[in-house]
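> The structure follows.
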Amino acid sequence: MISVATNAGAIMARYASSSVYNVLETSMERLSSGKRINSAKDDAAGTAVAIGLEAQIQGTEQAQRNVSDAIGLFASAEAGVSEINGLMQRMRELAVQSSNGVYTAADRTIMELEYQSLTSAVKQRIANTRFNEQSLLDGTGGMNGSFEFKVGANQGNSISYDFPSVMPLKTSFKENAAVTATSSHHADANNWQFVDVNLSGPLETGMRVSYTLTATDPPPGVGGQWLNENAVNWTRKLPAATGYFDIVADGSGNLQSISSYSTPAYMQQWHGGQYAPRGAYISGPSVHHSNTVVEFNMQYGGGYFTITDLKVEGWVTEVELFSSSILTQVKAASAVTVLDSTMESMSQRLASYGAASNRFTSIANQLGTTTMKLSQAKGRIMDADFATETSALARAGILQQAANAMLAQANTDPQNILALLRD
């Protein structure tokens, strides 16, 4: 049908030109950007997958950097331990030298000076071996000496490694310098004798106070005269008893009670063919004094006694190497044993660091491969295929030119109707 009102040919040509133009525009966009997916409308499902892959890629790349940091951390720790091992080799040499019997006390004093200087150097090296301000050798770095390394893009891809103190610790019962004990003597109006043991410092349950109790004649001017007018009939025994009592303290370090594990000294007087025991006993903490006073009492009055060799002991956790010495042959021999044990521990620590470094190197290689594969997978979804797109561009260009030519032809066809009108 010949019609002027509706030019069907022009409409079809225009539609074909518009469709080809969309294809041409898409191909040009992909070729210019290099991406097959430039917006979610290009491939909604592919876009979602590509976003997930990108998250995995970036997370894996960061994990690679984390692993590199971990390898550097282990290298720093290894360097510190190797340096300490060198210092201890010299310390052991000095200890072996001091163990030789040909040296005098003056010689060993000089050796001790170098030995203790090396001990200070070991302490300094332990304190200064750090990575990004994290201590590696004293057990305080990370979370209480434990480091967690993130070695993957996903939750749970972590490796924990403990960095305890490189110095073996020993817990022993030793004198506690933080708490002091002093004694004082007094008597009451009835010639009862008392010795107060005053404790000063932070008390803890489990501490022990040792002492030596000795019975003697009272000094002039002190009540409770031991001898009287019938002195010829009196005799006395003056034993010295060494004992100790355990401390029970509250949370504030105040003495609550004591437990005695020895029998204090007893004096005996002879009169009328009989012995009359006059013994001292522990009654502290005294209700008449502060709660840091333990009181020894002499029963029945008479006589006098003293407390000496007071010493407060407790459980002490220390680095055995740091308390070693080579001032005597015995101490030097003990120092050799301690150094051997410590150096063995160091060797184990070095082997552990090396194994961990190898493990993290393997993880780094694996992460690199994973990153490559993920990137390839993302590229297959997101990247434009230039061969396909250039072919599509050429095809669309030809079709667009043909459509435009047909559109021009369709626009000129209605003019033929004028010829019909002229006839």
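> Calculate I(q)/I(0) for the range 98-176 by the Debye formula, one identical point scatterer on each C-alpha and no solvent, and give its log10 at q = 0.15, 0.21 Å⁻¹ to two decimals.
The computed values of log10 I(q)/I(0) come out as -0.76, -1.00.
> So, in Å, what gap is there between the alpha-carbon centers of the range 374-419 and the range 41-61?
A separation of 30 Å, based on Cα centres.
> Under 5 Å between amide H atoms, partner at least 5 residues away or on a different chain: which partners does SER158 have, H built in plane at 1.01 Å?
Answer set, sorted by chain and number: VAL151.
> Label point 7 Å out from ALA408 along Cα-to-Cβ: which residues of the range 7-48 have amide N under 19 Å?
Residues 9-21 qualify, since their backbone N sits under 19 Å from the label point.
> Any lysines with Cα under 22 Å of the LYS35 Cα? List them, leaving off those in the same chain fewer than 8 positions away.
Of all the lysines, those that pass the test against LYS35 - Cα under 22 Å, at least 8 places apart if same chain - are LYS373, LYS378.
> For the range 1-118, give the percent of accessible area contributed by carbon and sulfur heavy atoms, probe 1.4 Å, rounded to a whole number.
Carbon-and-sulfur percentage of accessible area, whole number: 58.
> So if I restrict to the alpha-carbon atoms in the range 335-412, what is the Rg, and what is Dmax, the biggest pairwise distance, in Å?
That works out to 33.5, 112 Å for Rg and Dmax.
> Name the residues of the range 27-57 whose amide N is less than 11 Å from a point 7 angstrom out from the Cα of ALA377 along the C-beta direction?
It comes to 49-50, 52-57, nothing else.
> At 1.4 Å probe size, with no ligands or nucleic acids counted, give the accessible surface of SER362 in Å², nearest ten.
70
> Tell me, in nm to one decimal, what length is gained between ASP188 and THR337 on full extension, where the rule is 0.36 nm per residue of separation less the Cα-Cα distance? Mind showing how you got there, number by number?
Values: separation 149, 0.36 × 149 = 53.64 nm, distance 5.51 nm.
Gain on extension, ASP188 to THR337, equals 48.1 nm.
> At R0 = 35 Å, how high is the FRET efficiency between ASP250 and VAL330 if r is their beta carbon distance? Nearest 0.05 is fine.
0.30
> Follow-up question, since we're still on this one. Round to the nearest 0.05 the FRET efficiency obtained for ARG65 and GLU204 when R0 = 56 Å and r is the Cβ-Cβ distance. Show your work: numbers first, answer last.
Values: r = 47 Å, r/R0 = 0.84.
FRET efficiency, ARG65 to GLU204: 0.75.
The values are calculated or read from the model by the stated rules, or taken from the named source; none is laboratory data. Owing to the predicted nature of the structure, the values given are computational and were not obtained by experimental measurement. A quick note on method: Cβ atoms are made from the backbone with ideal geometry, for glycine too, and the neighbour counts reach across all protein chains shown. Just so you know, the surface numbers come from the protein's heavy atoms only, side chains and all, with ligands and any DNA or RNA stripped out. Shrake-Rupley method; radii C 1.70, N 1.55, O 1.52, S 1.80 Å.
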